[in-house]
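Engineer: A single structure is presented below for examination.
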Amino acid sequence: MLAVGSCAYSTSTALLASHIKSVAIPIFENATTEYNLERELTDAVVQRFVADNHLRVVDERSANAVIRGKVTFYKNSVFGIVAGSSSAAQAEEYRVTIGVSVVFKDLVKNREVWTDEDILKTANYYIRDVPGDSARTERDGRKQAIQKIADEILSRTIESW
């Protein structure tokens with residue numbers, strides 16, 4: 001007789017222990033030269049958790065868990081070029097890349113629930129209007145990459161596969 005196994009998966013919030021009802025999110029550290037990046041990232045993570053409403057965001061003295069982060073990488077680089085009118089190449093598309101190191105710690109049981117030293121997210125933007133997309137700035141790309149990081153941190157904290 002041939003036994004056949006199958007693999008199934010589903011999403012759930014089983015990762016969170018039942019005693020974890022609140023989280024503190026102190027200002028991330030910033031190991032880059034980008035001014036205010038740590039505050040923008042921390043604010044985005046806090047807003048994401050508040051909007052999700054699985055965990056209350058509170059100060060660290062009152063929290064059951066804490067998310068600590070450090071911005072480790074920032075780069076804005078040319079991603080796409082086009083030939084200019086004088087046949088000199090011109091940058092048209094750029095990519096913002098942001099890297100962070102994050103730890104989610106259960107303060108009640110004093111243990112790390114998850115850690116990732118290298119969460120890396122990117123966002124592309126065009127400096128001129130192109131079909132299907134309008135012109136944007138580095139700041140727009142930065143906001144998009146920050147939002148992706150905030151989404152990733154929330155997802156890893158409250159979901160399991």
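Every read-out reported here was derived from the displayed coordinates using simple, explicitly stated rules and does not represent laboratory data. Predicted model, so just to flag it, every value in this text is computed and none were measured. When we count neighbours, we look across all protein chains shown, and the Cβ atoms used for this are built from the backbone with ideal geometry, even at glycine.
Engineer: Which count do you get for residues in region 123-146 that are polar (S, T, N, Q), surrounded by fewer than 17 Cβ atoms within 10 Å (Cβ to Cβ) and within 25 Å of Val50 (Cβ to Cβ)?
Structural biologist: Residues that pass the stated criteria total 0.
Engineer: Residue pairs, Cβ under 6 Å, 6 or more apart or interchain, first in region 92-105 and touching a residue at least 12 places away in the same chain (Cβ under 8 Å) and over 12 Å from Ile119 (Cβ atoms), second of a type in the set (Phe, Trp, Tyr) and crowded, with 22+ Cβ neighbours inside 10 Å. List them.
Structural biologist: Correct list of pairs: Tyr94/Tyr125.
Engineer: Now for a different question. Would you mind stating whether Ala17 is more than 20 Å from Thr122 (Cα to Cα) and part of a helix (DSSP H, G or I)?
Structural biologist: So Ala17 fails the test.
Engineer: Could you list, in sequence order, the residues of region 147-161 that are surrounded by fewer than 18 Cβ atoms within 10 Å (Cβ to Cβ) and not basic (Lys, Arg)?
Structural biologist: Within region 147-161, Gln147, Asp151, Ser155, Glu159, Ser160, Trp161 qualify.
Engineer: Here is a further query. Hey, could you check region 91-130 for residues that are aromatic (Phe, Trp, Tyr) and touching a helix residue (DSSP H, G or I) at 6+ places or on another chain (Cβ under 8 Å) and say which is nearest to Arg39 (Cα to Cα)?
Structural biologist: Residue satisfying both the conditions and the ranking: Phe104.
Engineer: Given the criterion under 17 Å from Glu29 (Cα atoms) and in a strand (DSSP E or B), identify the matching residue among Val100, Val96, Val78, Val113.
Structural biologist: Val100
Engineer: When you scan region 116-156, how many residues do you find that are under 12 Å from the mean Cα position of the chain (by Cα) and part of a helix (DSSP H, G or I)?
Structural biologist: Final tally of qualifying residues: 15.
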